[in-house]
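Working notes, beginning with the structure itself.
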Amino acid sequence: VEAEAMYAGILTDTKNFTFKTGVRTFEAAAYLKKLGVDVVAVKKLFDNARKEEGNVIVVFAENSQLTTIGNGAFHTLTKLTTFHMPDSVTSLGGATFYNCKSLVSAIIPESVSSIGRSAFSNCSNLVSVYCKSLTPSQCDSYDAYTFMFSNNASGRKIYVPTASVDAYKTAEGWKGYA
């Protein structure tokens, strides 16, 4: 599953191998294929999701072992309304949901310990973020106060466990949203 996620990240980053590709890109793709990536299934996922006919809902298998959602994995998937993140995810890459203008809420599982720069930026309809972790995730950003959730819906609320409110209010990357 992780190899498929990495391959999907390569497809996204290179716009299906048409942008910023080089020898290393193709070597990495070949290595992932050798590991057993189902290239057709990965491409079909993106083809179906990117049609943008109606709303897009992403749900992973209940027993998903996915640990990383790579940089820009769902970047500009403007019809994405619902994303059920597996409890196995520990890391969200930068711009993971950037410009997902139909996304209205996000649930960040307790397992997520790292969130990349601009992960939820420009999600103009994002009104609710639910963080399940007692310990605030580490946030990667130049300016943690503005980038992780910049340009969300006005009135956006971030919900955290009651016992952790003070921790989030003082944590880098989170305290700007307190």
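Rounded to the nearest angstrom and listed largest first, the equivalent-ellipsoid semi-axes of region 55-127 from its Cα gyration tensor are 18, 14, 10. Taking packing as the residue-averaged number of other Cβ atoms within 10 angstrom, the listed peptides 104-110, 152-158 run from highest to lowest as 104-110, 152-158. Computed over region 83-178, the P(r) tail beyond 18 angstrom holds 38 percent of alpha carbon pairs.
Under 18 Å from a point 7 Å along the Cα-to-Cβ line of N63: which residues of region 87-118 have their amide N that close? Residues passing the 18 Å test: 87-89.
Between amide H atoms placed 1.01 Å from N, distances below 5 Å from Q138 occur with S114, I115, all of them 5 or more places distant or on a separate chain. If you take all other residues with their beta carbon under 9 Å from the beta carbon of S111, and give Lys and Arg +1 and Asp and Glu -1, the sum is -1. Can you give me the long-range amide H partners of L80? Hydrogens built in the peptide plane at 1.01 Å from N, cutoff under 5 Å, separation of 5 or more residues or another chain. For L80, the qualifying residues are V56, S102. Subtracting the Cα-Cα distance of T135 and R24 from their residue separation scaled by 0.36 nm leaves 36.3 nm. Per-peptide packing, taken as the mean over residues of other Cβ atoms within 10 Å, places 166-175, 30-39 in the sequence 166-175, 30-39 from highest down. Once you've got the Cα coordinates, tell me which of K79/K157; K20/K79; K20/K169; K34/K101 are over 28 Å apart. Pairs exceeding 28 Å: K20/K169; K34/K101. The H on the amide N of I107, modeled in the peptide plane, is under 5 Å from the matching H of M85, Y130, each at least 5 residues off or on a different chain.
No lab work stands behind these numbers, since they all come straight from the coordinates. Just so we're clear, the structure is a prediction, and the values are computed from it rather than from any experiment. Quick reminder, even Gly has a Cβ in these numbers, built from the backbone with ideal geometry, and neighbours come from all protein chains shown.
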